[in-house]
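The values are calculated or read from the model by the stated rules, or taken from the named source; none is laboratory data. It should be emphasised that the depicted structure is a prediction, and the values quoted were computed from it without experimental measurement. Methodologically, a virtual Cβ is constructed for each residue, glycine included, from the backbone with ideal geometry; neighbour enumeration extends over all protein chains shown.
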Amino acid sequence: MFETIMAGLAHLTTWSYWGAVVGGVLVSAAVGLIPGVGTPIVMAIAIPFVVFTIQDPLVGIVFLATIAGVSNTLDSIPAILMGYPGPATQVTFFEGTQLAKRGLAAHTLGAVYAVSAVGGVVGAVVLVLVIPIIRPFILNFSFSEIAAMALFGVAMVSVLSRGAMLKGLAAGLLGILLGTVGTHFGTATERYTFDTLDLVEGLPIIAVTLGIFALPEVLDLCATKQPMAPKDSTISVREVMRGAVDGLKRWRITIRHSLLGVFFGAVPGIGSAVIDWLSYAVGVSLSKDKSQFGKGSLDGVIFAESANNSKEGGQAIPTLAFGVPGGLAWVFVLAAMLAYGIAPGPQMLGRYADITIMLAVSFGIGNLLITMLGLVLTAQLAKVTLIPYAVIGAIIIPISFLSAFQESTSGFGVLILMIFTPIGLAMKAFQWPRPPLILGFILGAIIERNLQSAISAYGPLDLLTRPITVILLVLSAVTIYALVRSERKMAAIKAAAEAAEAAVTAESRSQTSPQPRSAARRFSGSWRLEHWFALAVLLVVGWMMWEAFNWAPRARFMPLLVGIPVIGLILFHLLFMRRSVTGEIMDIGLRSLETPGAAKTAGVIAISIVLFAIGTMTIGLLYTSILYAALFPFVMCEGRTRWIAAPISAACVALMAYGMLDYYMGVFWPEPIMWSWISARL
């Protein structure tokens, strides 16, 4: 084995190895910088090229593994600078965009690069150390443990919803309920599909995520007609380096969450899209001062980003040891291994130990290289936050629709995006926390599949006696109890401080002077509208439960299990909570409420979205996206900005539509609905 490892390390002196590592880093950098293009798409395109043109298996596998291992570093750039989250950057978007709004974009990205590099190195080291001893633990981590961990993640994020804890719990359970849409894996029962083939596989995750989380932020920021960051923001290489130093100063929490990322990544079935939320929830629960989170916390970004890069080392463990891909990107690495005739298992520490050791070395080298690349680029890229956000919106809005379209290539993803975007806006306006909904939706299928499989394999009673399951459930209960108690203490302290401050200022305040109204109060009649929104959610959930009674017991198990508490929580909110939440919640509210004239601007944006939909049905999504990108700056911007922004935004969208989707992916663009209808009658 020693000779095999040394043979692997000898590749450090070859040009082919360095070409694979540097090539993987450059591909990952391009993928990270382009909104809407995911790593799995690029890896799927690259596999035929790799297998048929690269003869050395080590070099080909290292190239693909490097793409997977470092792709989570620069994808924080569109999340923070443009307000466009990817599947693994939702926490970074959640906290990072608020830091960018305060002029700290360059500082935040510098910290991200530093902790991402540390996380990648930690993941590489743990990969080498753990593979020989991890087998017994992985084999004992079965259906019930995965279900318990997934439930732990949803519960943690829901409880962290602070000022709207009941809404957070309801949103998390509602997300799980949405995750049941599609074909039930055990009985082949079609649930909530409306006899539509597009829903047989479930709701499209990209369209739902963009609709709930991304597009509402883009529209809200566009309505402000302002840049994301203040004009006096400090954006320079020096500020990026200061951010990197600031990140390295937090080395304790970086290493802690890097190890968490390896652990979460090593568990098959958890999925890349939720590891950042799990790491974030654990980090918040261990923090003494929780008031900073949800309002732009650098610690919150570090919790997620350090785990995001280290998780790749964790996901490599089940891939190499058992042939079970730890994440979607590792499916393609495994496919390449099998194409080269390399089977996962014990031989990865024997005959093919050189590949294992060089994968780990490549993770470390790749993360250091992409960190240096990020440090060089960020000072210029961060200036995007000084541009009026409508210019960025002219690019992000059509790219969001294109991304939703390419997920289904039938136009159904666009329809889902159009449905869920108003829901996301309503949740922002009425202070319903969206993170629990997204996490519940992503984890819903994982929870249902593993919970039902565990009950079938062990029975309901034996299920609750499995040691790891019991430990996870007890840990969840203790953590949630501690969080709730901590939040109550903080709320009491804050209320006492506010009361004392009000008593001091009341003496000097004129009794006749008008008082400024909060954003929640300026939203006229918000509590009534909120209750109508809650009532609409209640009716939808009630209908879903009614439909569930028509299915086989196994198919209706999960909808009824989560639907009943959702109805109870919403009824409690409607009957006993007569006022809107006015405190802080762990989500981003409507920022445009603070901007004069935002209502008129929001109306213009709404009309533009309607026209976008009409254009999609008449001339097609491809041409409508480019036309929208060219015209939106003329409507939203003033002076020379509109003339400069229009061709740039149109060119960016055209490059995405023609270059990536049309040329490389060969997307089929269906004939517009209205054009087909008109042609049939002529």
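On the basis of being modelled with pLDDT under 85 and out of contact with any Asp or Glu (no Cβ under 6 Å at 6 or more places or on another chain), does residue 272 make the cut?
Yes.
Of everything in region 549-597, what is of a type in the set (Gly, Ala, Ser), at pLDDT 75 or above and surrounded by fewer than 20 Cβ atoms within 10 Å (Cβ to Cβ)? Give them in sequence order. Talk me through it step by step, then tell me what you get.
Within region 549-597, the subset of a type in the set (Gly, Ala, Ser) is 552, 555, 563, 568, 580, 583, 589, 592, 597.
The next check asks that each one be at pLDDT 75 or above; those that pass are 552, 555, 563, 568, 592, 597.
Matches in region 549-597: 552, 568, 597.
For residues that are among the small types (Gly, Ala, Ser) and not in a helix (DSSP H, G or I), scanning just region 611-665, find the one that is nearest to residue 411 (Cα to Cα).
Taking region 611-665 and keeping what is among the small types (Gly, Ala, Ser), we get 613, 615, 620, 625, 629-630, 639, 645-646, 649-651, 654, 657, 659.
With not in a helix (DSSP H, G or I) added as a condition, the list becomes 620, 639.
Working: 620: 10, 639: 36 Å.
Applying the filter and picking the extreme gives 620.
Within region 189-226, how many residues turn out to be aromatic (Phe, Trp, Tyr) and under 15 Å from residue 84 (Cβ atoms)? It would help to see each step written out before you state the result.
Kept after step one, since they are aromatic (Phe, Trp, Tyr), are these residues of region 189-226: 192, 194, 213.
From what's left, under 15 Å from residue 84 (Cβ atoms): 213.
Residues that pass the stated criteria total 1.
Among the listed residues 210, 174, which satisfies the condition of being in contact (Cβ under 8 Å) with a residue 40 or more places away in the chain, in contact with a Gly (Cβ under 8 Å, 6 or more places away or on another chain) and crowded, with 23+ Cβ neighbours inside 10 Å? Explain how you work it out, then say what you get.
Details: 210 fails: in contact with a Gly (Cβ under 8 Å, 6 or more places away or on another chain).
That would be 174, the only listed residue that is in contact (Cβ under 8 Å) with a residue 40 or more places away in the chain, in contact with a Gly (Cβ under 8 Å, 6 or more places away or on another chain) and crowded, with 23+ Cβ neighbours inside 10 Å.
Does region 73-90 include one or more residues that are surrounded by fewer than 22 Cβ atoms within 10 Å (Cβ to Cβ), at pLDDT below 85 and of a type in the set (S, T, N, Q)?
Among the residues of region 73-90, not one is surrounded by fewer than 22 Cβ atoms within 10 Å (Cβ to Cβ), at pLDDT below 85 and of a type in the set (S, T, N, Q), which makes the answer no.
Among the residues of region 43-72, write down those that are buried (at least 24 other Cβ atoms within 10 Å of the Cβ) and assigned to a loop (DSSP other than H, G, I, E, B).
71, 72, listed by residue number.
Would you say residue 627 is closer than 18 Å to residue 419 by Cα and either touching a helix residue (DSSP H, G or I) at 6+ places or on another chain (Cβ under 9 Å) or not assigned by TED's automatic domain parsing to the domain that holds residue 396 (or both)?
Details: closer than 18 Å to residue 419 by Cα: no; either touching a helix residue (DSSP H, G or I) at 6+ places or on another chain (Cβ under 9 Å) or not assigned by TED's automatic domain parsing to the domain that holds residue 396 (or both): yes.
Answer is no for this residue.
With surrounded by fewer than 22 Cβ atoms within 10 Å (Cβ to Cβ), of a type in the set (Val, Ile, Thr) and farther than 21 Å from residue 411 by Cβ as the only criterion, which of 200, 245 stands out?
Details: 200 fails: farther than 21 Å from residue 411 by Cβ.
Unique residue meeting the criteria: 245.
Looking only at region 125-165, count how many residues are at pLDDT 80 or above and either surrounded by fewer than 24 Cβ atoms within 10 Å (Cβ to Cβ) or of a type outside the set (Val, Ile, Thr) (or both). Full working, then the answer.
At the first step, the residues of region 125-165 found to be at pLDDT 80 or above are 125-126.
Retained after the next criterion (residues that are either surrounded by fewer than 24 Cβ atoms within 10 Å (Cβ to Cβ) or of a type outside the set (Val, Ile, Thr) (or both)): 125.
The qualifying residues number 1.
Are there any helices (runs of 4 or more DSSP H) wholly within region 408-466 with 1 or more residues that are crowded, with 17+ Cβ neighbours inside 10 Å and modelled with pLDDT of 80 or more, and if so which? Break it down stepwise before answering.
Details: elements: 412-429, 435-458, 460-463.
Output list reads 412-429, 435-458.
Would you please list the contacts, defined by Cβ atoms under 8 Å and residues six or more apart or on different chains, that run from a residue in region 634-655 that is in the same structural domain as residue 392 (by TED's automatic domain parsing) and of a type in the set (A, V, I, L, M) to a residue that is at pLDDT below 90 and assigned to a helix (DSSP H, G or I)?
none
Pairs needed: first member in region 8-28, within 19 Å of residue 367 (Cα to Cα); second member anywhere, of a type in the set (Asp, Glu) and modelled with pLDDT under 80; C-beta distance under 9 Å; at least 6 residues apart or different chains.
Pairs that qualify, where the first residue is within 19 Å of residue 367 (Cα to Cα) and the partner is of a type in the set (Asp, Glu) and modelled with pLDDT under 80, are 9/354; 11/354; 28/75.
Give the residue that is farthest from residue 235 (Cα to Cα), with candidates limited to residues of region 366-389 that are of a type in the set (A, V, I, L, M, F, W, C) and surrounded by 24 or more Cβ atoms within 10 Å (Cβ to Cβ).
The first filter runs over region 366-389 and keeps only residues of a type in the set (A, V, I, L, M, F, W, C), leaving 368-370, 372-373, 375-377, 379, 381-382, 384, 386-387.
Narrowing the set further to residues that are surrounded by 24 or more Cβ atoms within 10 Å (Cβ to Cβ) leaves 370, 382.
On the way: 370: 20, 382: 7 Å.
It comes out as 370.
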